[in-house]
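The values are calculated or read from the model by the stated rules, or taken from the named source; none is laboratory data. All values reported here derive from a predicted model rather than from experimental measurement. Counting neighbours? That spans all protein chains shown, and the Cβs are built from the backbone with ideal geometry, glycine included.
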Amino acid sequence: MSRKTALRVLIACRTKDAWADAALKAQITRDGLSGPDAALCSRLVYGVLQNQMLLDFYLGAYCSQPVDHLQPPLSDILRLGAYQILFLDKVPDSAAVNESVNLAKLFKRGQAAGLVNAVLRKIAQHKNDLPAIPDRDPERYLSIRYSHPKWLVKRLLPYLGREETETFLAANNGIAPLTVQVNPLRTTQEELLEELTACGVQAAPHSWVPDCLELSGTGDLTALKPFREGKFLVQDPAARLVSLIADVRPGQRVLDVCAAPGGKSFSCAFAMGNQGHILSCDLHENKLKRVREGAERLGITCVETASADGRFFRPEWESAFDTVLVDAPCSGLGIIRKKPDTRYKKLDDLFALPVIQAAILENVAQYVRPGGTLVYSTCTILPTENEEVTTAFLAEHPDFSMEPFSLPQPVGETEGRLTLWPQRHGTDGFYICRMTRRP
């Protein structure tokens, strides 16, 4: 059943442009999977997406036509089978082949099952002597080896160099640690560690980001008593750093422009001791509902929600906030290890993003009071969406300047902005820039 569910998710991603994480959660629920079956299904979906171009390269060596030219869903079935053979040691090759053939019979007719059987048996026979990826062209080699689009590799190479580009791409195909932020309104780090341990969860303080724990062995996280009691917030360390860099204080007025699902607003509420006012905005009411539900679970009462488009001016908000947070819409290329299908976004979609980001930043800067703080952040690593956006903004707004800040090592002192990388910092890829408005 795990394989059938995984195939349905991959089909949804391909035909309906669905995000894998949402499609996976919904399909697992519909098919009634739990425990090891649900875990295998998730591993199959993420594994195929993380290695799709590499799988297609190997499959193409034993298939008479390119894999992506095959009539759907044959390509998905072949990738699922090849992934099990090449990456899952605990799955016998015979089981991977036979289950894939059964899927072909279930979803197709004619000679599909025979093709799947023949190609996957070849993969199994040659899995220890597969064809080498040509390495004369570093862009093509890295693109195939780590299943990232060639255009992204081309942008990264002059920015990071060959060695670190490869390290970054490899990190994107790894498993991101599960990190949570302690809710000081309801517990302490020591008490939460004891509770989680008692629940059978392995937990340890994050190596350098304060108030965060790394967890493993959680099972269904939402079923844990400390979660239901609102004692922690699931939050990547990079996102947690936004409130730390913003240096929000009790009693302040804070505007979180692109807030949903609310993590940064909640982190600010923790830092403010739930004293003051945080206005969390988003375009969509269904997303704001999640913010309100999260605040209720965490015992936060200083957060209010409002539907708003960050590009359009609200005169009643002019110069009204001590701190304005802009977590701008972006390409999401810093969170590929959590959302592997992000890498397959069309390049054309990325060109419009800096224009939108600049428009939001231009507008919401008007909401910062004189002497107040403006923090711009994204979960991407491209300079076109990060440094170039904030540099252009500062050039056009002399009343704003970058404000240096300091973080624990491995970051240390900054000029007022930084890019976090999974291979350097163990966090999501993330950009944060802190600016201050002249009094």
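Values as computed for the structure displayed
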quantity: Qualifying positions in the stretch 9-26 - of a type in the set (Val, Ile, Thr) and touching a helix residue (DSSP H, G or I) at 6+ places or on another chain (Cβ under 8 Å); calculated: 9, 11
quantity: Some residue of the stretch 347-368 being part of a strand (DSSP E or B) and either within 30 Å of residue 192 (Cα to Cα) or not assigned by TED's automatic domain parsing to the domain that holds residue 182 (or both); calculated: yes
quantity: 2 or more residues over 19 Å from the mean Cα position of the chain (by Cα) and free of Cβ contacts under 8 Å to residues at least 12 places away in the same chain: qualifying strands (runs of 3 or more DSSP E) within the stretch 124-235; calculated: none
quantity: Residues (surrounded by fewer than 16 Cβ atoms within 10 Å (Cβ to Cβ) and either part of a strand (DSSP E or B) or assigned by TED's automatic domain parsing to the domain that holds residue 164 (or both)) located in the stretch 394-417; calculated: 401, 406, 412, 413
quantity: Filtered residue count, the stretch 306-338, keeping only those that are touching a residue at least 60 places away in the same chain (Cβ under 8 Å) and closer than 23 Å to residue 375 by Cβ; calculated: 15
quantity: Given (1) among the hydroxyl-bearing types (Ser, Thr, Tyr); (2) in a helix (DSSP H, G or I); (3) surrounded by 16 or more Cβ atoms within 10 Å (Cβ to Cβ), index of the condition residue 62 fails; calculated: (2)
quantity: Residue within the stretch 159-169 that is under 29 Å from residue 374 (Cα atoms) and crowded, with 17+ Cβ neighbours inside 10 Å present; calculated: yes
quantity: Filter result for residue 14 (more than 17 Å from residue 338 (Cβ to Cβ) and not assigned by TED's automatic domain parsing to the domain that holds residue 221); calculated: yes
quantity: Every residue from the stretch 280-305 that is free of Cβ contacts under 8 Å to residues at least 40 places away in the same chain and not in a helix (DSSP H, G or I); calculated: 280, 281, 282, 283, 284, 301, 302, 304
quantity: Flag if residue 391 is under 26 Å from the mean Cα position of the chain (by Cα), surrounded by fewer than 19 Cβ atoms within 10 Å (Cβ to Cβ) and polar (S, T, N, Q); calculated: yes
quantity: Residue count for the stretch 244-262, restricted to those that are surrounded by 20 or more Cβ atoms within 10 Å (Cβ to Cβ) and without any contact (Cβ under 8 Å) to a residue 60 or more places away in the chain; calculated: 2
quantity: Check on residue 218, within 21 Å of residue 338 (Cα to Cα) and among the polar types (S, T, N, Q); calculated: yes
quantity: Qualifying residue in the stretch 46-53 (condition: surrounded by fewer than 16 Cβ atoms within 10 Å (Cβ to Cβ) and either in contact with a Gly (Cβ under 8 Å, 6 or more places away or on another chain) or not in a helix (DSSP H, G or I) (or both)); calculated: no
quantity: Candidates 350, 374, 361, 382 - the one that is under 30 Å from residue 43 (Cα atoms) and buried (at least 23 other Cβ atoms within 10 Å of the Cβ); calculated: 382
quantity: Unmet criterion (only one of (1) surrounded by 20 or more Cβ atoms within 10 Å (Cβ to Cβ); (2) hydroxyl-bearing (Ser, Thr, Tyr); (3) assigned to a loop (DSSP other than H, G, I, E, B)) for residue 323; calculated: (3)
quantity: Filtered residue count, the stretch 260-279, keeping only those that are in a strand (DSSP E or B) and touching a Ser or Thr at 6+ places or on another chain (Cβ under 7 Å); calculated: 1
quantity: Some residue of the stretch 17-32 being of a type in the set (A, V, I, L, M, F, W, C), assigned to a helix (DSSP H, G or I) and closer than 20 Å to residue 122 by Cβ; calculated: no
quantity: Hey, residue 352 on the phi < 0 side of the Ramachandran plot, among the small types (Gly, Ala, Ser) and over 24 Å from the mean Cα position of the chain (by Cα) or not; calculated: no
quantity: Residues being among the hydrophobic types (A, V, I, L, M, F, W, C) and either touching an Asp or Glu at 6+ places or on another chain (Cβ under 6 Å) or not in a loop (DSSP other than H, G, I, E, B) (or both) - total across the stretch 306-320; calculated: 2
